[in-house]
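The values are calculated or read from the model by the stated rules, or taken from the named source; none is laboratory data. Owing to the predicted nature of the structure, the values given are computational and were not obtained by experimental measurement. No Cβ is skipped: glycine too gets one built from the backbone with ideal geometry, and neighbour counts run over all protein chains shown. Heavy atoms of the whole protein, side chains included, go into the accessibility calculation; ligands, DNA and RNA do not. Shrake-Rupley method; radii C 1.70, N 1.55, O 1.52, S 1.80 Å.
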Amino acid sequence: MTIYLDHAASTPVDPEVAAQMAAVLADAGLQANPSSAHAMGEAVRARIGQARAAVAALIGARPAEIVWTSGATEANNLAVIGAARMRAARGRHIVTAASEHVSVLAACDELENQGFSVTRLVTDGDGIVEPQAVATALRPDTTLVSLMQVNNETGVVQDIAAVGTLCRSRGILFHVDACQAAGREPIDVRSQAVDLMSLSAHKMHGPKGVGALFISRETAGRVEPLLFGGGQERGLRPGTIATQQVVGMGVAASLAAARRSSDSARLTTLRDQLWQAIGEVPGVYLNGHPQRRACHIVNVSVAGVEGESLLFAMREVALSSGSACAADSDEPSAVLRLLGRSPELAQSALRFSLGRTTTAEEVAQAGQLFAAAVAHLRRVAPAA
Amino acid sequence: MCYSPLVREHFDRPRQLGPPRGPGPVARGLSGSPAEGARILIEARVVGGRLEEVTFRALGCPWVIAGCSLAAERLVGAPVAALAGFDPAALAAELDLPVERLGRLLILQDALRNCLADWDTTQPATPR
């Protein structure tokens, strides 16, 4: 049986989520279009409203501030491109970090193609974007700052509240990609002064194919839609809402909120046990800040081995060699290069990511398999 | 990535892992670098113009390790000149190697050629 340690790529659907989604699909009373004016449409709207409230509660938002999307990629695109375009008359400068998820970086690339200017901040050697670095990058024409709360490759946690306060004081919109943070790190969009926040259901034991963008009440009307054709989601995301998907995300959000403290404490213990086991192997380096990191990710580089072979030698464990979204690439991780890792060490990186179903036995076994795989590959490799 | 049963077999149980164990002079050929995707060392012990022992060490992807293992195993017993006759395209087809990875087997080809050149340099009086 494969040990699944790739929860940063996708989490298994919680049985309660699956049950409620299946119930929605089987319920004859919930098959109407949620935009329909009749009673059956109203029933669906009510069910969607419950889900919206659950997602809002997870991040300290109001239900009306949640816009459904197809996932975090769409939410990131809507936030970055939608907000930048809407505010183009005020300024055309965006600040982000070079370590952001590719969906934010690609959206910024697209804005550059349209004449916007983008500053991509370089992290320090621990993967941190210092609020002071953000402050230094701000210009009179800056309209948007976009940062992720937890890095999807290294698990490094950024000081969102400090950056949010800074942006708020300058009248600049602040977008946060919180996909890896939701259900693991404390999130409160009010105290963190966040205007826009992207969420993904399948990163928190919900279904794939649904996400959400929080748009604060104060920011409403300051984001331009990317899609056209209907008035759903206040015109920001037209298209019939996928009832069973958003219900699934709502249940996942409720479970994440209820279990965040206990899940986080348990995963922190398991994460530290894992690092203790794999860190004992000589030539293994932890990527990212040793303390400021999320409870579920351990990213390491291994000297003297090649990353793809390491992954294959450990095929009894489902892992990523970096971000799952970059798994088709043969290039060393740009995020790890920003940490100052050599191309060889960046190429040999492995990301272990734990989840709600991970057990201490699995962690111990993964540690043993890692040590054996590294020993095997070092026996095969020529002397440096 | 999807690896063939042949790649799996030679990756898990590589044959001809260096260094050579028998007595006598050894020729060495090194090629590639981690930045190029593979670093390969080929060592050959030649007796009477024949490859008595051929071993490898490799840092690279599973196809590189499997390719080195297969190539080294097949060269044992061949005339020393066979080090220059390695056909990367044929081995690539046998391993189901993705076309974008063919360069990795060219590094193996270079290592084999460098090994032959080393033999020619260090043992000029020995007939091929």
Could you tell me which residue of segment A:29-51 is modelled with the highest pLDDT, considering only residues that are in a loop (DSSP other than H, G, I, E, B) and over 13 Å from residue A:240 (Cβ atoms)? A:38
Note on segment A:347-368: residues buried (at least 19 other Cβ atoms within 10 Å of the Cβ) and within 27 Å of residue B:18 (Cα to Cα) are A:347, A:348, A:349
Report whether or not residue B:54 is touching a residue at least 12 places away in the same chain (Cβ under 8 Å), more than 8 Å from chain A (Cβ to nearest Cβ), assigned to a strand (DSSP E or B) and open to solvent by less than 10 Å² (accessible area, probe 1.4 Å). yes
Subset of segment B:84-119 [more than 14 Å from every other protein chain (Cβ to nearest Cβ), open to solvent by 20 Å² or more (accessible area, probe 1.4 Å) and more than 14 Å from residue B:32 (Cβ to Cβ)]: B:84, B:85, B:86, B:87, B:89, B:90, B:93, B:94, B:96, B:117, B:118
Among the residues of segment A:245-274, count how many are crowded, with 19+ Cβ neighbours inside 10 Å and of a type outside the set (A, V, I, L, M). 7
All positions within segment B:1-32 that are under 21 Å from residue B:92 (Cβ atoms) and in contact with an Asp or Glu (Cβ under 9 Å, 6 or more places away or on another chain): B:1, B:2, B:3, B:4, B:6, B:7, B:10, B:15, B:16, B:29, B:31, B:32
Might you check whether a residue that is under 24 Å from residue A:384 (Cα atoms), modelled with pLDDT under 95 and open to solvent by 50 Å² or more (accessible area, probe 1.4 Å) occurs anywhere in segment B:35-48? yes
The one condition residue B:65 fails out of (1) within 12 Å of another protein chain (Cβ to nearest Cβ); (2) within 16 Å of residue B:28 (Cα to Cα); (3) hydrophobic (A, V, I, L, M, F, W, C) is (2)
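When you go through A:184, A:168 one by one, which is the residue that is basic (Lys, Arg) and without any contact (Cβ under 8 Å) to a residue 40 or more places away in the chain?
On the way: A:184 fails: without any contact (Cβ under 8 Å) to a residue 40 or more places away in the chain.
Of A:184, A:168, the one residue that is basic (Lys, Arg) and without any contact (Cβ under 8 Å) to a residue 40 or more places away in the chain is A:168.
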Which number in (1) in a loop (DSSP other than H, G, I, E, B); (2) open to solvent by 10 Å² or more (accessible area, probe 1.4 Å) marks the one condition that residue A:181 misses? (2)
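Can you find a residue that is in contact with a Gly (Cβ under 7 Å, 6 or more places away or on another chain), surrounded by 23 or more Cβ atoms within 10 Å (Cβ to Cβ), within 14 Å of chain A (Cβ to nearest Cβ) and assigned to a strand (DSSP E or B) anywhere in segment B:26-33?
Looking only at segment B:26-33, we keep the residues that are in contact with a Gly (Cβ under 7 Å, 6 or more places away or on another chain), and these are none.
Taking every residue of segment B:26-33 in turn, none turns out to be in contact with a Gly (Cβ under 7 Å, 6 or more places away or on another chain), surrounded by 23 or more Cβ atoms within 10 Å (Cβ to Cβ), within 14 Å of chain A (Cβ to nearest Cβ) and assigned to a strand (DSSP E or B).
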Scanning segment A:162-185 for residues that are farther than 13 Å from residue A:142 by Cβ and of a type in the set (A, V, I, L, M) gives A:162, A:176, A:178, A:181, A:182
Hits in segment A:100-121 - residues which are under 19 Å from the mean Cα position of the chain (by Cα) and assigned to a loop (DSSP other than H, G, I, E, B): A:100, A:101
I need the strands (runs of 3 or more DSSP E) fully contained in segment A:275-384, keeping only those with at least 1 residues that are within 12 Å of chain B (Cβ to nearest Cβ). A:297-302
